[in-house]
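Undergrad: Can you read through this structure? Questions will come right after.
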Amino acid sequence: TYTLDAQDALTIRLHAESDAPTWVNLSNHVYWNLSGDFSTSVASHRLLLPAETVYWNNPEHIPQAARPVAGTPFDFRRGALLGPRLQTENSQLAIAHGYNNAYCLAPEGAPIRLSHPASGRVLQMTTDLPAVTLYTGGYLDAGLPLEGGLTASRTCALALEPQFCPLTRTAREAPFITAPGQPYDHWIACQWSVNS
């Protein structure tokens, strides 16, 4: 369910019911480029992502284990421009041609903030889900048609995907089991503003 309120905040409510125990981990995969120009890269965007840990992936993009973000190009706790981070030599960034990693939000419920300094546009995202995956479009197909006659390219947009923390070999407890009488019910809220 999509709801736009009087303050122009968009809330996405994800609800699922099942008649037997079922793994459910829904999200939203909207692509953002706050410049308004998908012919440019999101390298000019600034991201604030309150997370102490991030999941590293194997070459098939399967999450393996959570690691501290401190001292790595995955640390966005104080906010950072994406461009310099995307240029960092790092095995994880090489696998995904950028970011494609799940972060555990800390504290849970803390807002995620994406901004485009040149235009002043700001997206603030909140959720009751405990993690968010940052994907910077490293596998967007060149030539994929976009609105307005443009075509996609790597890093022309990014996605912020709230969800549960992934299962790994060392973390096998699935918090996202939906069962009769225990529906999946979570929300994602987006609020836009412009810094003058």
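The values are calculated or read from the model by the stated rules, or taken from the named source; none is laboratory data. Note that the structure is a prediction, hence the values are computed from the model and not measured. Positions of Cβ are backbone-derived with ideal geometry, glycine not excepted, and every protein chain shown enters the neighbour counts. Remember, those area values only see protein heavy atoms, side chains included, never the ligands or the DNA or RNA. Shrake-Rupley method; radii C 1.70, N 1.55, O 1.52, S 1.80 Å.
Undergrad: Any chance you could count how many residues in segment 19-42 are open to solvent by 50 Å² or more (accessible area, probe 1.4 Å), under 22 Å from Leu123 (Cβ atoms) and in a strand (DSSP E or B)?
TA: 1
Undergrad: Here's another thing I want to ask about it. In segment 8-18, how many residues are within 16 Å of Thr178 (Cα to Cα) and either at pLDDT below 95 or surrounded by 15 or more Cβ atoms within 10 Å (Cβ to Cβ) (or both)?
TA: Number satisfying all stated conditions: 2.
Undergrad: If you don't mind, there's one more thing I want to ask. Considering only residues that are of a type in the set (S, T, N, Q) and part of a strand (DSSP E or B), which ones fall in segment 43-70?
TA: Listed by number, the residues that qualify are Thr53, Asn57, Gln64.
Undergrad: Then there's this: Looking at segment 3-35, which of its residues are in contact (Cβ under 8 Å) with a residue 40 or more places away in the chain, under 30 Å from His116 (Cβ atoms) and not polar (S, T, N, Q)? Can you show your working first?
TA: Restricting attention to segment 3-35, the residues satisfying the condition of being in contact (Cβ under 8 Å) with a residue 40 or more places away in the chain are 7-35.
Now narrow it down to the ones that are under 30 Å from His116 (Cβ atoms): 7-14, 25-35.
Of everything in segment 3-35, those that are in contact (Cβ under 8 Å) with a residue 40 or more places away in the chain, under 30 Å from His116 (Cβ atoms) and not polar (S, T, N, Q) turn out to be Asp8, Ala9, Leu10, Ile12, Arg13, Leu14, Leu26, His29, Val30, Tyr31, Trp32, Leu34.
Undergrad: Looking at this structure, is Arg77 touching a residue at least 24 places away in the same chain (Cβ under 8 Å), outside any strand (DSSP E or B), surrounded by 14 or more Cβ atoms within 10 Å (Cβ to Cβ) and among the basic types (Lys, Arg)?
TA: Values: touching a residue at least 24 places away in the same chain (Cβ under 8 Å): yes; outside any strand (DSSP E or B): yes; surrounded by 14 or more Cβ atoms within 10 Å (Cβ to Cβ): yes; among the basic types (Lys, Arg): yes.
So Arg77 passes the test.
Undergrad: Step by step: first the residues of segment 104-149, then only those that are closer than 17 Å to Val69 by Cα and among the aliphatic types (A, V, I, L, M), then the one that is most open to solvent (accessible area, probe 1.4 Å). Which residue is that?
TA: Ala106
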